[in-house]
1. Could you check, for the stretch 146-161, whether at least one of its residues is surrounded by fewer than 17 Cβ atoms within 10 Å (Cβ to Cβ) and not hydroxyl-bearing (S, T, Y)?
2. For L121, only one of the following conditions fails: (1) in a strand (DSSP E or B); (2) in contact with a Pro (Cβ under 7 Å, 6 or more places away or on another chain). What is its number?
3. If the Cβ limit is 6 Å and pairs must be 6+ apart or interchain, which residue in the stretch 239-266 that is on the phi > 0 side of the Ramachandran plot pairs with which residue that is in a helix (DSSP H, G or I)?
4. Select from the stretch 198-236 the residues that are touching a residue at least 60 places away in the same chain (Cβ under 8 Å), within 23 Å of T171 (Cα to Cα) and open to solvent by 30 Å² or more (accessible area, probe 1.4 Å) and list them in ascending order.
5. Scan the stretch 213-227 and give yes if some residue there is farther than 28 Å from T144 by Cα, of a type in the set (A, V, I, L, M, F, W, C) and touching a Leu at 6+ places or on another chain (Cβ under 9 Å), otherwise no.
6. Taking into account only those residues within the stretch 181-198 that are within 17 Å of the chain's Cα centre (by Cα) and outside any strand (DSSP E or B), which is farthest from T167 (Cα to Cα)?
7. Would you confirm whether any residue within the stretch 173-185 is buried (at least 21 other Cβ atoms within 10 Å of the Cβ), of a type outside the set (A, V, I, L, M, F, W, C) and in contact (Cβ under 8 Å) with a residue 12 or more places away in the chain?
8. How about the stretch 135-145: which of its residues are surrounded by fewer than 17 Cβ atoms within 10 Å (Cβ to Cβ) and not β-branched (V, I, T)?
Amino acid sequence: MRLRYAGKCSVCSSAINAGVTAVYDRTAKSVTCLTCVEAASAPTATPDALVAVKSSLPPDVEVDAGHAGSSARREYERRSAAREKRIRDAHPRLGGLILAVSDEPQSTTAWARGARGEELLGQRLDGLTAQGVRVLHDRRIPRTKANIDHIAVSATGVWVIDAKRYTGRPTLRVDGGIIRPRTTRLTVGSRDCTKLVEGVQRQVGLVTAALSAAGLGDIRVHGELCFVQADWPLIGGAFQIDGVDVLWPKKLADLLVAPGSLDPDVVEAAHRALASAFPVA
């Protein structure tokens with residue numbers, strides 16, 4: 001059900017905001033987040049399942065980690081080239097001058113800005129490989145045109161990361177309370193970016209399903225919105241909204257390299273399974 005009031009998950013103790021779908025136990029008067037419900041019903045990663053996942057990708061085949069921001073960069077170049085051709089075809093004599101004195105539309109430059117954000121974050125994530133973090137960049141979601149910016153696997157679990165390069169300060173806005181239902185919004189500067197949270201939640205669900213299908217359903221999957229070069233305060237600033245962490249690259253890196261319970265063989269198996277489930281975009 002969609003909760004009318006905020007609560008705390010009875011399993012992982014994470015905050016659940018009002019309006020979020022969760023499981024409510026009327027007898028115990030407790031709530032459980034969907035992530036914990038799915039984890040409880042997912043198959044456990046038995047040694048046999050781990051062997052099956054490993055054997056699905058030959059050990060001599062190296063995982064293609066992909067290149068951060070490559071699909072966004074290609075989209076920018078496609079749009080830019082299409083605009084140039086359109087202008088030159090319409091104005092054979094003055095096309096070059098028009099291109100020189102006019103700016104590309106925001107709908108085009110946004111792709112270049114987003115690609116650069118993914119590239120910057122990808123460089124930082126690649127620098128964590130020596131600390132046991134395995135990374136996948138720019139992964140295609142099968143049967144869709146969408147992609148996942150980054151997937152990281154470490155001893156602390158699997159991390160689904162959406163990189164954004166927005167100006168302004170990311171802020172958690174809380175409305176309502178005693179009389180009206182409590183709702184939460186993510187804003188960056190004056191821009192309402194709450195839909196970004198829903199996008200990460202969908203990606204987390206897809207990655208969780210892929211792990212379960214590979215017999216690795218007991219691995220926890222984290223959802224992260226990482227704002228690159230945003231106006232973060234000097235102290236604090238990170239927060240969670242509807243189960244998704246909102247933070248900056250350094251904070252994310254600290255979470256990835258923290259001590260965890262997954263051993264290197266499980267990390268490797270999860271990395272290979274996700275590389276197979278989500279090919280390079």
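1. yes
2. (1)
3. Going by the 6 Å Cβ cut-off, the qualifying pairs are D242/V197.
4. Correct list: Q229, D231, W232, P233.
5. no
6. Here the answer is E198.
7. yes
8. Applying the first criterion (surrounded by fewer than 17 Cβ atoms within 10 Å (Cβ to Cβ)) to the stretch 135-145 yields 140, 142-145.
Across the stretch 135-145, the qualifying residues are R140, P142, R143, K145.
The values are calculated or read from the model by the stated rules, or taken from the named source; none is laboratory data. Everything numeric here is computed off the predicted structure, so don't read it as measured data. All Cβ positions, even for glycine, are placed from backbone atoms using ideal geometry, and neighbour counts span all protein chains on display. SASA here: full protein model, heavy atoms, side chains in, ligands and nucleic acids out. Shrake-Rupley method; radii C 1.70, N 1.55, O 1.52, S 1.80 Å.
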